[in-house]
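Enquirer: One structure, pasted below without further comment.
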Amino acid sequence: RDEAREMIQAIGEPFKLEILDSIKTEPITIYSIGEEWWDLCAGPHVESTGQLPKKAIQLQSVAGAYWRGDEKREMLQRIYATAWKDPKQLKQYKRMLEEAKKRDHRTLGKKLDLFSIQEDAGGGLVFWHPKGSTIRRKIEDFWKQQHIDQNYDIVYTPHIANLDLWKTSGHFDFYKEGMFDQMEVENEQYQIKPMNCPFHCLMYKDAIRSYRDLPFRWGELGTVYRYERSGTLHGLFRVRGFTQDDAHIFCLPEQLQDEIVGVLKLTRSILSRFGFEKYELMISTRPEKSVGSDQIWEDATEALVGALDEL
């Protein structure tokens, strides 16, 4: 690592130094082609570009890109290129790109007059046109009925709230980098909501509940807003405002596994109606940043494993 640092400093490459500092694993590897060109790389590399068929290499495009996707950093020039084992593979790749371009949802959205993103309003904010709104309404109606059939109650919550709500829930400490800046309302800080969780918890606390009434299943098509760097925005795939299928279930510990099984079955039912039959399920275990006792996490993980085993 020290040798790599000295080599980078000698050629005056500050961006490479940042890359070096971001690499947490050892050893640091450097690959070279010829006597002059070298770079940090996990590898492997070909020994010489002469090993690549000339007709299997193609420059694709040139574009400006902010360093690390941060619009506050330097603007660099990015060159896109591709290399393949033989011209046949390159031809197949180009055909795939052409087909993908025809199906690009951004192109189809404009062509079919479904939605738009108006830069005058701000990047990453979606405007649903009448035709797109009709499709969305049909999907939402289907979603609502599916949840009602599974004994969910549909709820609605505000779009902003006092910042203290997210501080109490812990979201502000863990996710503030992904939240928009706060606004001042009558000398208090308010936050446009990045998630719905604290709202549902407030509703649950609004009355005295009996364990005999559990579980409560509350579902919401909640519109949330999260800060994304402009360089990372991409059609409907990466936005700053979106509506998500969000539900919270309040239940007893002994009801937990059954409720998880119910959620998974509901999810599978909805996905299958849209043609999604192949997918993987993975268990999320306790992250490095977390709240809650060890026992709560152990019980939750055990219920997740048990639910998957039951399915």
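Enquirer: For residue 247, what residues show an amide H to amide H distance below 5 Å, using hydrogens built from the backbone and excluding near sequence neighbours?
Expert: Here 220 satisfy the definition.
Enquirer: I want to verify a result. In a Gaussian network model of the chain, Cα cutoff 10 Å, which of these has the top mean-square fluctuation: 45, 171, 200?
Expert: Evaluated over the chain, the most mobile residue of the options is 45.
Enquirer: Choose one answer from 223, 168, 25: the residue with the largest mean-square fluctuation in a GNM of the chain with alpha-carbon springs under 10 Å.
Expert: Greatest mean-square fluctuation among the candidates belongs to 25.
Enquirer: What spacing in nm lies between the two simple spin-label points modelled at residue 61 and residue 20, each 7 Å away from Cα in the Cβ direction?
Expert: 3.3
Enquirer: Run lengths n ≥ 4 of DSSP H only: what is the helix-derived mean residue ellipticity at 222 nm for the chain, with -39500 (n - 2.57) per run over all residues, to the nearest 500?
Expert: -11500 deg cm²/dmol
Enquirer: Now for a separate question. Calculate, in nm to one decimal, what residue 133 and residue 293 gain on full extension: separation in residues at 0.36 nm each, minus their alpha carbon distance.
Expert: Taking 0.36 nm per residue and subtracting the Cα distance, the gain is 53.2 nm.
Enquirer: Let me ask you something else. Going through the cross-link list 144/205; 88/278; 144/278; 54/91, which pairs have a Cα-Cα distance over 22 Å in this structure?
Expert: 144/205; 88/278; 144/278
Enquirer: Okay, next question. Can you give me the accessible area per residue for the chain, using a 1.4 Å probe, in Å²?
Expert: Per residue, the chain has an accessible area of 71 Å².
Enquirer: Kindly express, to the nearest 10 degrees and within the range 0 to 90, the angle between helix 294-310's C-alpha long axis and the longest C-alpha principal axis of the chain.
Expert: Helix 294-310 and the main axis of the chain meet at about 90 degrees.
Enquirer: Once the other residues with Cβ under 14 Å from the Cβ of residue 227 are scored (Lys, Arg +1; Asp, Glu -1), what is the net sum?
Expert: Counting the neighbours of residue 227, the net charge comes to +2.
Enquirer: Could you check what % of the DSSP bridge pairs in the range 143-229 are antiparallel, to the nearest 5?
Expert: Once the DSSP bridges in the range 143-229 are tallied, antiparallel ones form about 75 percent.
Enquirer: Whenever you get a sec, compute what percent of the accessible area on the range 184-290 sits on carbon and sulfur atoms (1.4 Å probe).
Expert: 51
Enquirer: Follow-up. What is the mean projected area of the alpha carbon convex hull for the range 1-92, to one decimal in square nanometres?
Expert: 7.7
Enquirer: Please list the three semi-axes, largest first and in whole Å, of the ellipsoid equivalent to the range 122-178, using sqrt of 5 times the eigenvalues of its alpha carbon gyration tensor.
Expert: 29, 21, 9
Enquirer: Roughly to the nearest percent, how much of the accessible area of the range 1-87 is carbon and sulfur, given a 1.4 Å probe?
Expert: Carbon and sulfur atoms account for 53 percent of the accessible area of the range 1-87.
Enquirer: Moving on. ³J(HN,Hα) across the range 25-42 via Karplus (A = 6.51, B = -1.76, C = 1.60, θ = phi - 60°), whole Hz, x for Gly/Pro?
Expert: Coupling constants for the range 25-42: 9, 10, x, 7, 10, 10, 10, 10, 10, x, 9, 10, 8, 8, 7, 5, 6, 6 Hz.
Enquirer: Just read off the accessible area of residue 22 with the full protein assembly in place, 1.4 Å probe, to the nearest 10 Å².
Expert: About 60 Å², rounded to the nearest 10.
Enquirer: A further question on this structure: Just need the relative contact order of the chain here, percent rounded to a whole number, with Cα pairs under 8 Å and 6+ apart.
Expert: That works out to 13 percent.
Enquirer: Oh, and also: Using DSSP to call loops (not H, G, I, E or B), can you name the trypsin sites (Lys or Arg not before Pro) in the range 57-102 whose Cβ has at most 15 other Cβ atoms within 10 angstrom?
Expert: Sites meeting the loop and neighbour criteria: 72, 73, 85.
Enquirer: Computed from the mean reciprocal separation of all distinct C-alpha pairs, what Kirkwood hydrodynamic radius does the range 250-311 have, in Å?
Expert: 13.1
Enquirer: At 7 Å along Cα-to-Cβ for each site, give me the label-to-label distance between residue 252 and residue 77 in nm.
Expert: Simple spin-label model gives 7.0 nm for this pair.
Enquirer: Oh, and also: Longest exposed-loop-site-free stretch of the chain, with GluC sites (Glu not before Pro), DSSP loop and at most 14 other Cβ within 10 Å?
Expert: Here the longest segment lacking exposed loop sites spans 187-276.
Enquirer: What percent of all Cα-Cα pairs in the chain falls into each 20 Å bin, going from 0 up to the bin containing the maximum distance?
Expert: Spelled out bin by bin, the chain gives 20, 48, 30, 3 percent.
Enquirer: On to the next question. When N is the residue count of the range 173-311, what does its C-alpha Rg come to as a fraction of 2.2 N^0.38 Å?
Expert: The reported ratio for this selection is 1.25.
Enquirer: Oh, and also: If contacts are Cα pairs under 8 angstrom and at least 6 residues apart, what is the relative contact order of the range 230-311 in percent?
Expert: Contact order relative to length: 40 percent.
Enquirer: Next up: If one takes the longest principal axis of the Cα atoms in the chain, at what angle in degrees, from 0 to 90 and to the nearest 10, does the Cα axis of helix 256-273 lie?
Expert: On a 0 to 90 degree scale, this one is about 60.
Enquirer: Put a dot 7 Å past each Cα toward the Cβ at residue 47 and residue 28; how far apart are the dots in nm?
Expert: 2.7
Enquirer: What angle, in degrees between 0 and 90 and rounded to the nearest 10, separates the Cα long axis of helix 130-149 from the longest principal axis of the Cα atoms of the chain?
Expert: The angle comes out near 50 degrees.
Enquirer: Report residue 251's accessible area, 1.4 Å probe, all protein chains in place, as a number in Å² to the nearest 10.
Expert: Using a 1.4 Å probe on the heavy atoms, I get roughly 40 Å².
The values are calculated or read from the model by the stated rules, or taken from the named source; none is laboratory data. The structure displayed is predicted, hence computed values, not measured ones. Every residue, glycine as well, gets a Cβ built from its backbone with ideal geometry; the counts of neighbours run over all protein chains shown. Remember, those area values only see protein heavy atoms, side chains included, never the ligands or the DNA or RNA. Shrake-Rupley method; radii C 1.70, N 1.55, O 1.52, S 1.80 Å.
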